[in-house]
Amino acid sequence: MNEVLKALLEELNIRDLSAYFQPIIHLHTARVLGYEALLRPAGYDGTMLAPGILFEQADLYGCLPELEREARTTALREFARSRKEQTAGQLLFLNVSAPLLNVGVLDAGHIREAVQSYEVEPEAVAIEISESSVQETDQLVEFSRMARKSGFMISLDGYGTDESHLERIARIRPEIIKIDRSIIQGVCTDEIKQYALESVVHLARRVGAVSLAFGIENHEDLVACARAGVEFGQGFLLGRPAPTVDRAIERAEKTLKPLQEKLASTLASDLDRELQHEASLQREFGRVLDKLARAEPEEWEAILRAWKGPAARVDSLFITSPAGEQLTNTIALGRGGKAIVNPLLYAATGPGDDHGSREYVYALRLRGDGDLHLSSPHTSIATGQLCRTYSQKITGPEGARGILCVSATLSSDVCQ
């Protein structure tokens, strides 16, 4: 060990350095993807010092490269020592310090040599980089290229913070995007966080990466992550750091199966509630269609204004011509009668406005009479809410034709 690093450890009353391993879990199957290696400095009194403090002091002392090398060696030694047949095919997540990457002293080739010296295959290692802490994009891109050339996977850590850079994702094309805990914690009750989470999941899929939610600590946030399509998770709910891989496996065997069963049950209940609500909405939709089919076009708006359906989720409704020209005023309920988001940005459309380029209109041109279409999520023109629109053709007396459009807000009640 470097003499300067020894002196720093002595000054901080650190007796030794050890590695703990926290499992990373597939949310829907409870399969263990791998383990993140975490440095744990132990004091002479047995207490654990926060590793962040040690890394900060090492940077000030000028021995950060030596500390990182020691941390990596410790992690590899403990991982190789406790590795058994049951861990075959599982990954080791190794952190690298952004400050070292910023000054260009990280060498993927040297990391590969260290990995192989403990008979760990580079293909079984994901190098984890805190993307938001890296100053130079080109430096990050080049290191990632060389690391991948050496056989490693790239995991971008902490994505979703204020300092995240979208363009880096496109240039690096990481295998794993770890979503920051600032998005994950409390996501079940925060609609904006839910949208942000869904956006990162979609981005990961588009670049060929898997999404990993960091900081899952309760069942409700776990459900929100699963519903958003997150593939993997990490956090105290799924497994606390353990001093050996063997211990982490033992803990996982006791806790993960019940968690997975509870998650499956919750998701099934959520889906059942959603299907019941949609069935209720569609029944009312059918009743309104029957009334419209028996009424003259000039009576259509009055029928819409008498809507008595499940308004808690209905945002707005109106009728257009088959070509998309609006025939009635928009009846804007604004999510069960709540105020419109911003009347300066969103305004209800009216007779004569053209909806021909909206999916809920043009999709019906591809369908036969009587077919119901449910659009992709979109922003309501009337209220600014995120909605999906049900649309169906109307054939009134004497051949009068139109399209009934009913927009319903998306459900986000994952904590109920």
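Bear in mind that the values in this text are calculations on the coordinates, not laboratory data. These figures come from a predicted structure and were not determined experimentally. Virtual Cβ from ideal backbone geometry, glycine too; neighbours counted across all protein chains shown.
Grab the Cα-Cα distance for Ala7 and Arg205, subtract it from 0.36 nm times how many residues apart they are, and report the gain in nm with one decimal.
66.6 nm
How would you classify segment 272-409 from its alpha-carbon gyration tensor, with a ≥ b ≥ c the square roots of the eigenvalues: rounded for a/c under 1.5, else prolate if a/b is greater than b/c, otherwise oblate?
Rounded is the answer for segment 272-409, as its axis ratio a/c remains below 1.5.
Express the relative contact order of segment 126-180 as a whole percentage, based on alpha carbon pairs under 8 Å and six or more residues apart in sequence.
Worked out over segment 126-180, it gives 43 percent.
Is the C-alpha gyration tensor of segment 109-206 telling us rounded, prolate or oblate? Criteria: a/c under 1.5 is rounded; beyond that, a/b larger than b/c is prolate, otherwise oblate.
prolate
Straight distance only, please: which aspartates and glutamates reach the Cα of Lys393 with their own Cα at less than 14 Å, same-chain residues fewer than 8 apart left out?
Partners found: Asp290, Glu325, Glu359, Asp369, Asp371.
Of the peptides 36-45, 179-188, 270-279, how do they stack up when ordered by the mean number of other Cβ atoms within 10 Å, highest first?
Order by mean packing, descending: 179-188, 36-45, 270-279.
A 28 angstrom limit on the alpha carbon distance is what I want to check against. Which of Lys178/Lys262; Lys149/Lys257; Lys178/Lys257 exceed it?
Lys149/Lys257
If I build a Gaussian network model for the chain, linking alpha-carbon pairs within less than 10 angstrom, which residue out of Ser375, Ser144, Ser130 has the largest mean-square fluctuation?
Ser375
Quick one: length gained pulling Ala347 to Glu261 fully straight, 0.36 nm per residue minus the C-alpha distance?
That pair, Ala347 and Glu261, stretches by 26.4 nm at full extension.
When all alpha-carbon pairs of the chain are counted, what percent fall beyond 33 Å?
The proportion of pairs with Cα distances above 33 Å equals 48 percent.
Leaving out same-chain residues fewer than 8 places away, which aspartates and glutamates sit with a Cα under 12 Å from that of Lys193?
Asp180, Asp221
Between 0 and 90 degrees, rounded to the nearest ten: what's the tilt of helix 64-82 against the longest Cα principal axis of the chain?
Rounded to the nearest ten degrees, it is 80.
Tell me the mean residue ellipticity at 222 nm calculated for the chain from its helices only (DSSP H runs of n ≥ 4, each -39500 (n - 2.57), averaged over every residue, nearest 500).
Here the helix-only value at 222 nm equals -12500 deg cm²/dmol.
Please list the three semi-axes, largest first and in whole Å, of the ellipsoid equivalent to segment 17-79, using sqrt of 5 times the eigenvalues of its alpha carbon gyration tensor.
Over the Cα atoms of segment 17-79, the ellipsoid semi-axes are 26, 13, 11 Å.
Using the alpha-carbon atoms, what tilt in degrees (0 to 90, nearest 10) does helix 219-228 show relative to the longest principal axis of the chain?
70
Set the Förster distance to 60 Å, then compute FRET efficiency between Ala50 and Glu298 from the Cβ-Cβ distance, nearest 0.05.
E between Ala50 and Glu298, to the nearest 0.05, is 0.25.
What number comes out for the charge environment of Val406, summing +1 per Lys or Arg and -1 per Asp or Glu over other residues with Cβ under 11 Å away?
0
Gain in length, Asp290 to Leu275, computed as 0.36 nm per residue apart minus the alpha-carbon separation, to one decimal in nm? Mind showing how you got there, number by number?
Numbers: separation 15, 0.36 × 15 = 5.40 nm, distance 2.24 nm.
Taking 0.36 nm per residue and subtracting the Cα distance, the gain is 3.2 nm.
Filter the trypsin sites (Lys or Arg not before Pro) in segment 96-161 down to the DSSP loop ones having no more than 13 other Cβ atoms within 10 Å, then list what survives. Don't jump to the answer; show the numbers that get you there.
Values: sites: Arg112, Arg145, Arg148, Lys149; in loops: none.
Taking segment 96-161 and a limit of 13 other Cβ atoms within 10 Å, no loop trypsin sites (Lys or Arg not before Pro) are found.
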